[in-house]
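Working notes, beginning with the structure itself.
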Amino acid sequence: MNTASSLPAARRALCAACLRPQQTCICRWVTVLPNHVEVLILQHPMEVSNAKGSARLLHLCLANSRLEVGETFDPAQLQALLSPERRNLLLYPDTEDASLGLAMPQPFDNAWLREPLRLVVLDGTWRKSRKMLYLNPLLQALPRLPLRDTPPSHYLIRKAHLPDQLSTLEATVYALAQLENDINKYNPLIDAFDGFVAQQASYVKRSA
């Protein structure tokens with residue numbers, strides 16, 4: 001039987017909360033806020049060990065959130081995650097994607113704001129998130145929530161491939177503010193994200 005002392009040093013040094021090495025732990029930036037709209041984060045496996053990724057910080061900051069890792073999800077498992085006690089909305093642009101053969105989704109209806117909601121967020125590069133959508137028909141069927149009039153991204157440590165592209169944390173925060181009609185509620189999470197970005201940028205400067 002393995003004991004803690006017999007485990008490799010790298011594994012012993014991982015933070016149990018943020019799952020990063022202790023020397024690069026991001027838990028000091030965690031600011032827990034209660035979110036009325038539930039958040040389900042579906043994270044591409046390649047993002048799990050990405051030091052620049054913001055999904056884990058987002059999950060730790062949102063009291064009512066769940067994070068699942070995968071590219072192709074078992075339909076029964078995904079259906080359970082999309083349980084019907086809340087209306088599910090996919091945080092994704094509402095444009096038709098002809099390259100994947102995806103039809104225009106059901107348009108967002110403001111009447112839904114009076115219902116219990118769940119925001120489904122795909123965490124991955126634009127290319128990976130499109131593939132996740134293509135591989136999971138249940139996600140394709142969800143009505144989408146496009147973001148409107150968002151501020152410039154604070155995500156200075158990762159190259160954007162599209163205009164106005166945001167980090168997972170930023171996009172989710174702005175979506176929650178939009179759905180909950182509270183523009184300032186999640187500002188502390190943007191402040192936390194700024195601290196996280198500065199921390200990651202400092203590692204880049206040290207290695208340069």
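Side notes on the structure shown:
- Look at (1) polar (S, T, N, Q); (2) exposed (fewer than 14 other Cβ atoms within 10 Å of the Cβ); (3) without any contact (Cβ under 8 Å) to a residue 40 or more places away in the chain; (4) under 21 Å from LEU169 (Cβ atoms) and you find that GLN23 fails only one, number (4).
- Scanning the stretch 30-86 for residues that are within 30 Å of TYR203 (Cα to Cα), among the hydrophobic types (A, V, I, L, M, F, W, C) and open to solvent by 60 Å² or more (accessible area, probe 1.4 Å) yields VAL32, MET46, VAL48, ALA63, VAL69.
- Note on the stretch 1-100: enclosed helices (runs of 4 or more DSSP H) holding 2 or more residues that are modelled with pLDDT under 90 and on the phi < 0 side of the Ramachandran plot are 9-12.
- Within the stretch 160-179, the set of residues being modelled with pLDDT of 90 or more and open to solvent by 10 Å² or more (accessible area, probe 1.4 Å) comprises THR168, ALA171, TYR174, ALA177, GLN178, LEU179.
- Scan of the stretch 115-157 for residues that are in contact with a Lys or Arg (Cβ under 9 Å, 6 or more places away or on another chain), open to solvent by less than 60 Å² (accessible area, probe 1.4 Å), over 13 Å from PRO105 (Cα atoms) and part of a loop (DSSP other than H, G, I, E, B), ordered by number: GLY124, TYR155, ILE157
The values are calculated or read from the model by the stated rules, or taken from the named source; none is laboratory data. This one's a predicted model, so the numbers in the text were calculated from it and none came from an experiment. Neighbour counts are summed over all protein chains in view; Cβ atoms, including those assigned to glycine, are modelled from backbone coordinates with ideal geometry. Ligands, DNA and RNA are excluded from the accessible area calculation, which covers all protein heavy atoms including side chains. Shrake-Rupley method; radii C 1.70, N 1.55, O 1.52, S 1.80 Å.
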